[in-house]
Amino acid sequence: MGFNKEEVINLCNKLCQNTLMQTLKIEFIDAGEDFLVAKMPVNSSVHQPMGLLHGGATVALAESVGSAASIMFINNEKQEVRGIEISANHLKSKRDGEVTATARLIHKGRSLHLWEIKIVDEKDSLISLCKLTNMVLPKR
C-alpha cells in the first residue's frame with residue numbers, strides 16, 4: 001500500500017472534529033511522504049490582548065500539524081503519538097489573514113519522531129519556527 005495524499009488529509013481533518021483544532025479552525029491542506037501542511041485563520045479569536053496572533057495559538061498549530069504528521073508513520077491500530085517537547089521562535093507578528101504550517105521530518109526513529117514546523121504568512125514570510133519531538137507509544 002503506497003502513500004495516499006487525499007486519505008492522509010481526510011483522516012487528519014476527521015480527527016480534528018470536536019477538538020482544539022476545530023476551535024482554532026485548523027485545516028489540513030497538503031501532505032507528502034515526509035511532510036504535512038495545515039492552515040489557520042488569524043483573527044480576534046486567536047489574538048493576544050495587543051491584537052496580534054497569540055504565540056500559544058501558533059504553537060497549538062505547530063503541535064497539531066507535527067503530531068498529525070507522525071500518525072503517517074505509525075500503525076494506528078497498535079500505536080499512538082504523544083508530543084513530549086516543543087520549542088518555538090516567533091519571528092514576526094501577524095494581525096489578520098491566514099498562516100500556514102508545514103511540518104517536515106527531521107528524524108524518524110522507532111520511538112521518537114523529530115519535526116521542524118515552519119509557519120508562514122500569505123507571502124511565505126516566516127512567522128514562527130518550531131521544533132517538535134513526538135514519542136511513539138503502544139496503544140493501551
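Tabulated results
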{"quantity": "Search result, residues across the stretch 28-53 that are of a type in the set (A, V, I, L, M), open to solvent by less than 60 Å² (accessible area, probe 1.4 Å) and under 15 Å from residue 99 (Cα atoms)", "calculated": "36, 37, 38, 40, 42, 46, 52, 53"}
{"quantity": "Hits in the stretch 66-104 (condition: farther than 17 Å from residue 42 by Cα, of a type in the set (A, V, I, L, M, F, W, C) and either open to solvent by less than 70 Å² (accessible area, probe 1.4 Å) or out of contact with any strand residue (DSSP E or B) (no Cβ under 8 Å at 6 or more places or on another chain) (or both))", "calculated": "68, 69, 71, 72, 73, 74, 81, 86, 88, 103"}
{"quantity": "Check on residue 13, at pLDDT 95 or above, more than 21 Å from residue 121 (Cβ to Cβ) and of a type in the set (S, T, N, Q)", "calculated": "yes"}
{"quantity": "Residue within the stretch 56-65 that is surrounded by fewer than 17 Cβ atoms within 10 Å (Cβ to Cβ) and within 16 Å of residue 128 (Cβ to Cβ) present", "calculated": "yes"}
{"quantity": "Scope the stretch 105-114; condition open to solvent by 20 Å² or more (accessible area, probe 1.4 Å) and either in a strand (DSSP E or B) or not hydroxyl-bearing (Ser, Thr, Tyr) (or both); matching residues", "calculated": "105, 106, 107, 108, 109, 110, 112, 114"}
{"quantity": "Criterion: basic (Lys, Arg), open to solvent by 80 Å² or more (accessible area, probe 1.4 Å) and on the phi > 0 side of the Ramachandran plot - qualifying residue of 25, 14", "calculated": "25"}
{"quantity": "Residue match in the stretch 115-129 (condition: on the phi > 0 side of the Ramachandran plot and either assigned to a loop (DSSP other than H, G, I, E, B) or out of contact with any Lys or Arg (no Cβ under 9 Å at 6 or more places or on another chain) (or both))", "calculated": "yes"}
{"quantity": "Among the residues listed as 88, 68, the single one being part of a helix (DSSP H, G or I), in contact with a helix residue (DSSP H, G or I) (Cβ under 6 Å, 6 or more places away or on another chain) and of a type outside the set (Phe, Trp, Tyr)", "calculated": "68"}
{"quantity": "Filter result for residue 35 (modelled with pLDDT of 95 or more and under 23 Å from residue 10 (Cα atoms))", "calculated": "yes"}
{"quantity": "Some residue of the stretch 119-134 being open to solvent by 40 Å² or more (accessible area, probe 1.4 Å), in contact (Cβ under 8 Å) with a residue 24 or more places away in the chain and in contact with a Pro (Cβ under 7 Å, 6 or more places away or on another chain)", "calculated": "no"}
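The values are calculated or read from the model by the stated rules, or taken from the named source; none is laboratory data. In this text the structure is predicted, and so the values were computed from the model without any measurement. Note: ideal-geometry Cβ built from the backbone for every residue, glycine included; neighbour counts use all protein chains shown. These area figures cover heavy atoms from the full protein model, side chains too; ligands, DNA and RNA do not enter into them. Shrake-Rupley method; radii C 1.70, N 1.55, O 1.52, S 1.80 Å.
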